[in-house]
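Presented below is the structure to which this report refers.
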Amino acid sequence: MVCILSFIVLSITGLFSSTHRELAKEAWGCVWRRVTLRPCTVGFKEKIKGRLVAWLLGRSTLAAKILNRYFELLSWTLVVLTMVSTFWTVRGLYNYYFYGSCNGLNSTGFCVFDPAGENNQVSSLNTQCSDKPQKESDVILSPVPVEEFPTKNAGVKNQVVFIGCYSCDYTRKSYPLIQQLIKETGAQYTFVHFPVKPETKYLSAYAQCIADQNIEQFWKWNDVVFASEKSDIAKPEYIQTLMEKNGIDTKKVLECVNDPKTAETVNRQYNQIKSTHLYGTPTIFFNGRAYVGPKPYRVYRNALRRFLPW
Amino acid sequence: MTPSHNEAFNAHAIHEFSFWFMDLQKLRNDFPLLASPSNKPVMYFDNACMSLKPRAVINAMNQYYEQFPACGGPGRSGHALGARVREAVDQSRQTIARAIGAQHPNEIIFTRNTTESINLVARSFRWNAGDVVLTTDKEHNSNLIPWLNTRRLSNIRHAVIPSLPDNTFDLSAFEQLLKLGSVRLVSVGLVSNLDGVRVPIAEIIKRAHAAGAMVMVDAAQAMLHSPLNVQALGVDFLAFSGHKMLGPTGTGVLYGKRELLENLEPFLLGGDTVSATTYTDFQLLDVPERFEAGLQDYAGIIGLGAAMEYLQSIGWPFIESQDQQMNRIITEGIAHLKGVHMIGPADPALRGGIVAFTIKGMDHHQVAVMLEQMNAILVRSGQHCVHSWFGSRGIPGSVRASVAFYNTVDEAEQFVQAMEKITTLL
């Protein structure tokens, strides 16, 4: 059994050491004989055992005795552990590639490739009073009337619903990536403003009214808002300047914004969005599946390729 | 005292003198592996497989490549460089002939190794159906397989002389087999690579000849450790390798009595073996050229001659004394250790330069690896090409430490200490 374990380990260390490369070849010879149901005749096990026991004998006779006596058992244990850890390593790599986290979609556990957990950070909704852990699987899109929000490429196969907040860092981080994705894939795209921060709550009404007035101008305005400083977009007068610069009928928009019906609609929509069990922004639904936090671009791209097993 | 007696006396005195004042460290400096500070220090106890090479051998070979790297066979290049090659090869042949007491240098055939030498006899001998070849029960594969193959090809019979329980040669069993008749050849290893036991070769030859059989001696393990005189012993054929006696790899020798060699039918023919050819026939050269087909390993042959000269310059008394001393230290140091079982007779004096053993509960390969890891002690582990002996006894293999004259007391003691440590694991 030690030959399998050694082959795995020596194949890796052999990249850096010619001695280990030779041993890896021997280990492979042994593995191959085992696989083809023949006894391992190259004395590889004894060679490895001899090396390890000799090394240990120089440090602790007792430890060397134990290793010498229980070598086969220890080999088996290590093989099982290696196989288990290999499985988890491969799974972690897979998860990291497809979801941006070693632990799976939206999981915040430690990931060696993303030690700071940047791919899962969210602007939180302060729902710490929740009686159960917040999970991506609990987040559902169905309560949101997607058709009421600004949408482009309507009717195509893939659907992306971006729920974000204008003044939230992580939304601002992922916004340009989603724009790039929509440009490349032509997927149906809906933007939903969900104000996590109170200073930009007023922008929901602006977004609603501008989109109602001219959807093309809305997309341009939306891009400009995300490109602006957070401190600037907290000021309504700055937003109005932006509207003017982008050829939006400011007067008409302001009338709409001040209309009580708009406030009512925005509030209703806000509550509908909350009922998705959203716990932070950005939350991006790809064909109904929620990706919470700013992910690398490849994750978004892969989310539209429907071959993920889990 | 006659002049010749005087010379003999002086030679003996010089030998004795050199023995007592032999500077081992100076001698070790002749071996680049042991002397060069750039080499990782090792304690080399695998001399039964391959001896180390002194600088004299390396220099001799280099001299060929640097000063006269030309063709040297009969009928080949007649220019000055070719003449130097022929001269150097002839000199090696003479050196070797002299060293083993051959009657004439032409009784020396250069081969690649002992294996090839034995195969040459096995394949070239004019066998009669029913001829019997005797070997011992612990022959190296090189002195077993050629006869098994000849049995298959030439309808001869092969019989095995069983050893005594302590692995020494059983003369009475040998005598019994000789009495069966039809024994044409007795082929025995002079010193066993399994356990270092030396067969009573003089007695074997005497009895074989009395029974009308010839004797082939596999001296691969003997040449580094003791002198040999084929004429004095009456050896018919003798085979040995260069690489086990300080010489280059890929070199070997077959000695044969001239009349016997002339009666062999060469099986390997080609360039340098014939004086003339037509489209229908060929004329063989004399012995030994007829057996040395194709371009030879001139550098190797020259190196082999240099190795023989170097060995003789050391002197056999010193060499034999070193072997016995090392073997005694190791044997006395490990024989009593827990789990250790010595192969061969208990008396180290009967085992030349070899200490072979097994450890109950520990694999032989593991022990060899541990010796290397712990103390850079290099030994051989396995069945040492004597599968038949191990297989018949159900022993998976052994650890074999084989010494040479350049090993030191300190090395032997370190070997014992390492073994003491290893056996604490049991």
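The values are calculated or read from the model by the stated rules, or taken from the named source; none is laboratory data. Worth saying up front: this structure is predicted, and the values here are computed from it rather than measured. In this analysis, Cβ positions are derived from the backbone assuming ideal geometry, glycine residues included, and neighbour counts consider all displayed protein chains. Side chains are part of the model used for accessible areas, which takes the heavy atoms of the whole protein and leaves out ligands, DNA and RNA. Shrake-Rupley method; radii C 1.70, N 1.55, O 1.52, S 1.80 Å.
Odds and ends about this structure:
- Degrees between helix A:44-57 axis and first principal axis of chain A (Cα, 0 to 90, nearest 10): 90
- Derived value for chain B: Kirkwood hydrodynamic radius 22.7 Å. Basis is the mean of 1/r over every pair of different alpha-carbon atoms.
- The distance from the alpha carbon centre of segment B:78-103 to that of segment B:184-222 is 28 Å, rounded to a whole number.
- Global geometry of the protein assembly as shown, whether rounded, prolate or oblate, following the gyration tensor of its Cα atoms and the 1.5 cut on a/c: prolate
- Spatially proximal lysines relative to A:Lys295 (Cα-Cα < 30 Å; intrachain offsets below 8 disregarded): A:Lys132, A:Lys135, A:Lys152, A:Lys157, A:Lys173, A:Lys183, A:Lys197, A:Lys201, A:Lys220, A:Lys230, A:Lys235, A:Lys274
- Degrees, to the nearest 10: A:169-185 long Cα axis against longest axis of chain A: 90
- All lysines inside 30 Å of B:Lys206 as judged from Cα atoms, apart from same-chain residues fewer than 8 positions distant: B:Lys138, B:Lys179, B:Lys244, B:Lys257
- The protein assembly as shown, accessible surface, carbon-and-sulfur percent (1.4 angstrom probe): 55
- From phi via Karplus (6.51, -1.76, 1.60), per-residue ³J(HN,Hα) for segment A:9-20 in Hz, x at Gly/Pro: 5, 5, 4, 7, 5, x, 5, 10, 9, 5, 4, 5
- Partner lysines for A:Lys65 [C-alpha distance under 18 Å; skip if fewer than 8 residues away on the same chain]: A:Lys45, A:Lys47, A:Lys49, B:Lys338, B:Lys360, B:Lys421
- Relative contact order of segment A:2-69, defined on C-alpha pairs under 8 angstrom at six or more residues apart (%): 23
- With an a/c value of 1.5 or above and a/b not larger than b/c for the gyration tensor axes a ≥ b ≥ c computed over the alpha-carbon atoms, segment B:366-426 is described as oblate.
- Each chain gives up part of its surface: A and B jointly bury about 1100 Å² of accessible area, both sides summed, for a 1.4 Å probe.
- Here the contact order of segment B:160-273, divided by its residue count and restricted to Cα pairs under 8 Å and six or more residues apart, works out to 18 percent.
- DSSP-defined antiparallel bridges as percent of all bridges, the protein assembly as shown, nearest 5: 60
- Loop-located chymotrypsin sites (Phe, Trp or Tyr not before Pro) in segment A:1-101 (DSSP state other than H, G, I, E, B) with a sparse environment of at most 10 neighbouring Cβ atoms within 10 Å: A:Phe16.
- Relative contact order, percent, chain A [alpha-carbon distance under 8 Å, six or more residues apart]: 20
- Looking at the protein assembly as shown, the accessible area is 46 square angstrom per residue; that uses a 1.4 Å probe and ignores ligands, DNA and RNA.
- Rounded Å value of the spacing that divides the Cα centres of segment B:396-419 and segment A:272-305: 71
- Antiparallel DSSP beta bridges within chain B, as percent of all bridges there, nearest 5: 55
- Cα-based helix-to-principal-axis angle, A:236-245 vs chain A, degrees rounded to 10: 80
- Pairwise Cα inverse-distance average, inverted: Kirkwood Rh of segment B:66-312 (Å): 18.5
- Global form of segment B:316-423, assessed from the alpha-carbon gyration tensor, a/c cut-off 1.5: oblate
- DSSP beta bridge pairing in segment A:124-293, given as percent antiparallel to the nearest 5: 65
- Using θ = phi - 60° and Karplus 6.51 cos²θ - 1.76 cosθ + 1.60, couplings along segment B:147-153 (whole Hz; Gly, Pro as x): 7, 5, 5, 5, 4, 6, 7
- Added length on full extension, which subtracts the Cα-Cα distance from 0.36 nm per residue, A:Val146 to A:Phe87: 17.3 nm
- Spin-label proximity, B:Ala376 to segment A:53-71 - amide N less than 17 Å from point 7 Å beyond Cα toward beta carbon: A:55
- Highest mean packing comes first when the peptides B:187-195, B:26-34, B:376-384 are listed by Cβ atoms within 10 Å, giving B:187-195, B:376-384, B:26-34.
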